[in-house]
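To start, the structure under review is shown below, and the notes come after it.
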């Protein structure tokens, strides 16, 4: 879905909207690359979201997340000094050590200042301090250093960008502009190094990148969401999200995308698939939230049935502020069938609104 990240959206909802100053995500948008991989300052909200499942040469398993967010605050042309706050930049970084059952995470917030954070097509770079993505042609380098670990990866996209939704928009609610422009790189071959606990792990695997930009937030009544990115062993991928409503129902604007091995895409509407929690849950000792960490996914029109589980139930970004919701974001594994053929894979799952409803009130 990547109408994403409860803590970020809670932050932006606390700011003056000024939405009329910005463009809405409307049908008919035509993506052009590499331009659309970078910043869209005429939209109020934007993010770049990297997740992946990696393994060392010895078989040690890791998941990672690196996210960059831009929230427009002021478009006043008089506010042009380096330290004036025109955009707020937030970033989240996480490492899941799946074998050692440890979850590490960090976050930072900056203004752009004199080059502290930003997203520049000219420089081919998205960054917040020393966390950055650098583009060289169609390839990317990911680097992030924090106190407890660091990531250094080379990313190569094995498929062209995937545009989610219909007619250039991923609709999130009824009404013109209640949507986002949403593009993903669904199969990024990844290799590099993880430094953790004084050890250096050489790793390979697959990553996923989401980039989404829009102006209008969620509508009233939408209180949380569950989102999957899935990379299957047969060379196909799935993005699925379901939005939960205050009355316990699933929002009809839930949706997804199937990408076949030849990079052809199929839009999935809410009635085309189900995502159902199964029996296994994890209760957070920090927030008291109870997250379903076992899911069943069915897509009858594609003959797909999958079960998602995780090696590490404790992959929660726990927020101390009661006005800022926490969320669960972590590595998962998939097993099931497509028709009569066994099908497996890996991916990432995000769950929001379980510690407290995340709800926009106009």
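The values are calculated or read from the model by the stated rules, or taken from the named source; none is laboratory data. What you see is a predicted model; the values in this text were computed from it and never measured. Virtual Cβ from ideal backbone geometry, glycine too; neighbours counted across all protein chains shown.
Quick notes on this structure:
- When we screen 270, 346, 308, 318 for residues that are closer than 26 Å to residue 218 by Cβ and in contact (Cβ under 8 Å) with a residue 40 or more places away in the chain, the only hit is 308.
Let's see how each residue does on (1) surrounded by fewer than 18 Cβ atoms within 10 Å (Cβ to Cβ); (2) modelled with pLDDT under 95; (3) at positive phi:
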{"position": "32", "(1), (2), (3)": "yes, no, no"}
{"position": "41", "(1), (2), (3)": "yes, yes, no"}
{"position": "48", "(1), (2), (3)": "no, no, no"}
{"position": "65", "(1), (2), (3)": "no, no, no"}
{"position": "85", "(1), (2), (3)": "yes, yes, no"}
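- Scanning segment 147-181 for residues that are closer than 27 Å to residue 116 by Cβ and surrounded by 18 or more Cβ atoms within 10 Å (Cβ to Cβ) turns up 149, 150, 151, 153, 155, 180, 181.
- Taking each residue of segment 72-95 that is more than 30 Å from residue 316 (Cα to Cα) and looking for partners that are at pLDDT 75 or above and surrounded by 22 or more Cβ atoms within 10 Å (Cβ to Cβ) with beta-carbon atoms closer than 8 Å, six or more apart or interchain, yields 86/72.
- Segment 269-284, residues that are over 13 Å from residue 304 (Cα atoms) and buried (at least 16 other Cβ atoms within 10 Å of the Cβ): 270, 282, 284
- From 134, 211, residue being crowded, with 22+ Cβ neighbours inside 10 Å and closer than 30 Å to residue 74 by Cα: 211
- Residues that are surrounded by fewer than 17 Cβ atoms within 10 Å (Cβ to Cβ) and closer than 23 Å to residue 317 by Cβ within segment 112-130 comprise 116, 129, 130, listed in sequence order.
- Of all residues assigned to segment 253-267, none qualifies as being in a loop (DSSP other than H, G, I, E, B), surrounded by fewer than 16 Cβ atoms within 10 Å (Cβ to Cβ) and either touching a helix residue (DSSP H, G or I) at 6+ places or on another chain (Cβ under 6 Å) or modelled with pLDDT under 95 (or both).
- Residue in segment 350-358 that is out of contact with any helix residue (DSSP H, G or I) (no Cβ under 7 Å at 6 or more places or on another chain) and more than 21 Å from residue 222 (Cα to Cα) present: no
- Here is the figure for segment 137-146: residues that are over 16 Å from residue 35 (Cβ atoms) and loosely packed, with under 14 Cβ neighbours inside 10 Å total 1.
- Within segment 117-139, the set of residues being at pLDDT 95 or above and either in contact with a helix residue (DSSP H, G or I) (Cβ under 6 Å, 6 or more places away or on another chain) or in a loop (DSSP other than H, G, I, E, B) (or both) comprises 121, 122, 123, 124, 129, 130.
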